[in-house]
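One structure is given here, and the rest of the page talks about it.
The values are calculated or read from the model by the stated rules, or taken from the named source; none is laboratory data. These numbers come from a predicted model, not from an experiment. No Cβ is skipped: glycine too gets one built from the backbone with ideal geometry, and neighbour counts run over all protein chains shown.
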Amino acid sequence: MHYSEKSLTITINNQTVSYIEEGSGDAPTIIFIHGFPLNKAMWNKQVGALKENYHVIAYDIRGHGDSDAGDDDFSMELFVVDLLSLMDALKIDKTILCGLSMGGYIALYAIENYPERFNAIILCDTNCTDDVPEAKENRMKAIESIKEKGLEQYAEEGLKKLFAPISFSNLKEEIALVREMIIKTSKESLYKTLHALAERKETCTKLPEIKVPVLIMVGKEDEITPPEVALSMHEKIKGSIIHIVEHAGHLSNMENSGEFNNQLIRFLSLIKHL
């Protein structure tokens, strides 16, 4: 089921945001934040697994999927403002937050600055560090590459980093979906997001201050944010739970959705009793 085909829209901060909403409004809310340069469709299997027992929302970050880009320069701080504005517009006082990669950066910025709005966070294939100079340079090179070679080439190169090698033989549908997500993102939004990622601040020093339950998940073969990065965050967040997802690279929720969902549901069941 492609839940993104059932998208809703809402206007916040003078821009239209596209989102999926499933489940009962009376159930605990969980909001999913996608990675770069993807959109809410990456969470289809999580939406399907949770909608019976949870109020599930997955939205497109500005400039991605079907959400407007607006006129402002992108930043992690702006993405957090958008998240909180969406929560306010949907009358969600507190939520569980699940972010993958860039979505994890946004989740960490959000919990650092607005801890009272979140019941728990799930950090997937992400990290708390800022970009080292080489990483910043690579993001600028990516912008030049898109300008020179186009989106198709950028997508092909990106897919090799996003998925574990095994996924190319057994997850053709998922790879096609991710390729489509990348190609459908406007070049301008890609440029603005790459700048935002390059300029983000580290959140590692604030990790010990997190007081809500935290689950950290990472693909065993994730080359972008490897398991040792996840373990480093786990050590800094008191009481956090970590799980390394087998047969998965950077998109662990798509590459091994069965194991990912089992761990997610187990964590959500645990925190229900807190």
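Rundown of residues vs (1) in a loop (DSSP other than H, G, I, E, B); (2) closer than 23 Å to HIS243 by Cβ; (3) of a type in the set (A, V, I, L, M), yes/no style:
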| position | (1), (2), (3) |
| --- | --- |
| SER18 | no, no, no |
| VAL47 | no, yes, yes |
| GLU52 | yes, yes, no |
| GLY99 | no, yes, no |
Yes/no for HIS250 being at pLDDT 95 or above, over 19 Å from GLY35 (Cα atoms) and touching a Ser or Thr at 6+ places or on another chain (Cβ under 8 Å) = no
Where residues in the stretch 10-46 are without any contact (Cβ under 8 Å) to a residue 60 or more places away in the chain and within 14 Å of the chain's Cα centre (by Cα), which of them is farthest from GLU180 (Cα to Cα)?
-> ASN44
Wholly inside the stretch 195-274, helices (runs of 4 or more DSSP H) that include 1 or more residues that are among the β-branched types (Val, Ile, Thr) are 227-236, 257-272
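Residue-by-condition table, conditions (1) out of contact with any Ser or Thr (no Cβ under 9 Å at 6 or more places or on another chain); (2) touching a residue at least 60 places away in the same chain (Cβ under 8 Å); (3) within 17 Å of LEU38 (Cβ to Cβ):
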site: GLU148; (1), (2), (3): yes, no, no
site: SER169; (1), (2), (3): yes, no, no
site: GLU174; (1), (2), (3): no, yes, yes
site: SER186; (1), (2), (3): yes, yes, yes
site: TYR191; (1), (2), (3): yes, no, yes
site: GLU199; (1), (2), (3): no, yes, no
site: GLU202; (1), (2), (3): no, yes, no
site: ASP222; (1), (2), (3): no, yes, yes
Taking the options ILE61, ILE12, name whichever one is modelled with pLDDT under 95, buried (at least 18 other Cβ atoms within 10 Å of the Cβ), of a type in the set (Val, Ile, Thr) and closer than 20 Å to VAL81 by Cα.
-> ILE12
State whether one or more residues within the stretch 73-87 are free of Cβ contacts under 8 Å to residues at least 40 places away in the same chain, part of a loop (DSSP other than H, G, I, E, B) and in contact with a helix residue (DSSP H, G or I) (Cβ under 9 Å, 6 or more places away or on another chain).
-> no
